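**Q** Got a structure here, written out as structure tokens. Questions coming.
Bear in mind that the values in this text are calculations on the coordinates, not laboratory data. For clarity, every value in this text was computed on a predicted model and none was experimentally measured. Counting neighbours? That spans all protein chains shown, and the Cβs are built from the backbone with ideal geometry, glycine included.
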Amino acid sequence: MKLLITGGCGFIGSNFIRYWLKNHQGDKIINLDKLTYAGHLSSTQDFQASLNYEFIQGDITDPEVVEKAMDGIETVVHFAAESHVDRSVIDPLLFIKTNVLGTGVLLDAALKHKISRFHHVSTDEIFGHLEADDPKFNEGTPYKPRTPYSASKAGSDHLVRAYFETYQLPITITNCANNYGPYHDPEKLIPRFITNLLNGQKVPLMGEGENIREWLYVDDHARAIEKVLEKGEIGETYCVGAEEKTNKEVTQNILKILGMSEEMVEYVEDRLGHDFRYAIDDSKIRKLGWVPEVSFEEGLKQTVEWYKNNRSWWEPLLNDRPSVDREAQKPYG
Ligand SMILES: NC(=O)c1ccc[n+]([C@@H]2O[C@H](COP(=O)([O-])OP(=O)(O)OC[C@H]3O[C@@H](n4cnc5c(N)ncnc54)[C@H](O)[C@@H]3O)[C@@H](O)[C@H]2O)c1
């Protein structure tokens, strides 16, 4: 099978390609990525030379580029997006362009090329947020995005579904919880905290650290997409969940693994409109036979170990970009 992966130089996309090349050795992967600030060739170094892998640097909003990349493709797995909530507050139009228009350009080309599956990778943030006692999100929960990021992802989900309803393009969608693992950009919460601590710096915890997220090890996300590609029903959406943790619990776990004390935590002002809780009822995808294989404790240990051993990947990223914090005065996404 020949797959087009968009955004394969980003966090989840690069881990997905690594997983797929290892577990589907007869398949060929084309990775289309613009290499924005969030895309790193260094995240693909270990498989760049594979004969089953080809990289195209290009923009998903450019119909000519997408048209060429789609040649001979059977399956599209669409990761490419602007993905950092804080950046979406500063530059919402870029998010609308990439996430909505870019998805539209891909869908149009996929239709022309009669591809057999268009899988769209989305987020649970399109559902808005929950209070402590609210029931979890599921596939029937109405969309209530609260940030330019989640609104643009919601727009892309609707477009994908519309191409199924209107043109019968064979689509599937996953709406996944927060991911963590290797090759995660150090501007995001878990890698930021790990790299700060490895550099002897304190970690900025917003508010009281009571906000709740579910955290899924990135390979379990790859396995969820694989399961939907193999067994999912065309036109359907699958919610992918994980273990609920407060930001404080996440921080305490990282400190414990590194043998550090809570003195390394600096409480900072909360983000305006900070979504309180996301939680997912993932019973639908579990019926396909998917279960997360890596516990939060184990995955976090592996992740900390990876950051300890791969300073050459993340250290350059701390210096070579304008800081979103300075502009937005918001410590992380
Ligand atoms: N990170 C999470 O916890 C999470 C959770 C659920 C869903 N998602 C979704 O998964 C996908 C991947 O997330 P991520 O965390 O790996 O993101 P990321 O920001 O790490 O990577 C995004 C990649 O897309 C590329 N890209 C951006 N704009 C592009 C364009 N116009 N054309 C081509 N390539 C472009 C970037 O260069 C980068 O390589 C996104 O769609 C995101 O919404 C992420």
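**Q** Computed over the Cα atoms of the chain, what is the ratio Rg over Rh, Rh following Kirkwood? Walk me through the numbers on the way to the answer.
**A** Numbers: Rg = 18.9 Å, Rh = 20.1 Å.
Rounded to two decimals, Rg over Rh is 0.94.
**Q** Note the direction-averaged projected area, equal to a quarter of the hull surface, for the Cα convex hull of segment 99-151, in nm².
**A** 4.6 nm²
**Q** Over all distinct Cα pairs, what is the inverse of the mean 1/r for segment 1-139, reported as the Kirkwood hydrodynamic radius in Å? Mind dumping the intermediate values first?
**A** Numbers: mean 1/r = 0.0631 Å⁻¹.
Kirkwood radius, segment 1-139: 15.9 Å.
**Q** Based on Cα positions only, what radius of gyration and what Dmax would you give for segment 168-251, in angstroms?
**A** So, for segment 168-251, Rg and Dmax equal 16.1, 54 Å respectively.
**Q** Right, here's the next one. Where the eigenvalues come from the Cα gyration tensor of segment 239-282, what are the semi-axes √(5λ) of the equivalent ellipsoid, largest first, in whole Å?
**A** Those come to 24, 17, 5 Å.
**Q** On each of the three principal axes of the Cα atoms of segment 138-178, give max minus min coordinate, whole Å, ordered largest first.
**A** 30, 19, 17
**Q** Please list, or write none, the lysines whose alpha carbon is within less than 21 Å of the alpha carbon of residue 136, excluding same-chain residues fewer than 8 places away.
**A** 144, 153, 245, 248, 284, 287
**Q** Less than 10 Å Cβ to Cβ from residue 246, Lys/Arg counted +1 and Asp/Glu -1: what total charge do the surrounding residues give?
**A** Taking every Cβ under 10 Å from that of residue 246, the sum is 0.
**Q** List the relative contact order of the chain as a percent without decimals, with contacts defined as Cα pairs under 8 Å and 6+ residues apart.
**A** Averaging sequence separation for qualifying contacts and normalising by length gives 18 percent for the chain.
**Q** Using a 10 Å cut-off around each Cβ, can you sort 245, 114, 301 from fewest to most neighbouring Cβ atoms? Don't skip to the end; give the middle numbers.
**A** Values: 245 19, 114 10, 301 16.
So the residues, fewest neighbours to most, are 114, 301, 245.
**Q** Report the relative contact order of segment 70-173, percent, no decimals, based on alpha-carbon pairs under 8 angstrom and at least 6 residues apart.
**A** For segment 70-173, the relative contact order is 37 percent.
**Q** Under a crude label model (7 Å from the Cα following the beta-carbon direction), how far is residue 90 from residue 132 in nanometres?
**A** Computed distance between label sites residue 90 and residue 132 equals 3.4 nm.
**Q** For segment 85-200, how big is Rg over Rh, using alpha carbon atoms and the Kirkwood form of Rh? Could you put the intermediate results ahead of the total?
**A** Values: Rg = 16.5 Å, Rh = 16.0 Å.
Over the Cα atoms of segment 85-200, Rg/Rh equals 1.04.
**Q** Viscosity 0.890 mPa s, temperature 25 °C: Stokes-Einstein D of segment 1-71 from its Kirkwood Cα radius, in µm² per second?
**A** Using the Kirkwood radius from Cα pairs, D works out to 204 µm²/s.
**Q** May I ask for the equivalent-ellipsoid semi-axes of segment 62-117, computed as the square root of five times each C-alpha gyration tensor eigenvalue and listed largest first in whole Å?
**A** 25, 11, 8
**Q** Starting at the first residue of segment 38-44, write each ³J(HN,Hα) from the Karplus equation 6.51 cos²θ - 1.76 cosθ + 1.60 with θ = phi - 60°, in whole Hz, x for Gly and Pro.
**A** Once rounded to whole Hz, the list reads 8, x, 10, 4, 5, 7, 10.
**Q** How far is the Cα center of segment 261-306 from the Cα center of segment 14-65, in Å?
**A** Distance between centres, Cα-based: 26 Å.
**Q** If you average 1/r over all unlike Cα pairs in segment 256-308 and invert the result, what Kirkwood radius do you get in angstrom?
**A** One over the average 1/r among Cα pairs gives 15.1 Å for segment 256-308.
**Q** Right, something else. Where q = 0.20, 0.21 Å⁻¹, what log10 of I(q)/I(0) comes from the Debye formula for segment 147-200, counting one point per Cα?
**A** Log10 of I(q)/I(0), two decimals: -0.81, -0.84.
**Q** Over 22 Å between Cα atoms: which of 22/231; 188/308; 28/227; 28/188; 34/188 fall into that group?
**A** 28/188
**Q** Where the Cα atoms of segment 150-292 are projected onto their three principal axes, how long is each span, largest first, in whole Å?
**A** 56, 32, 24
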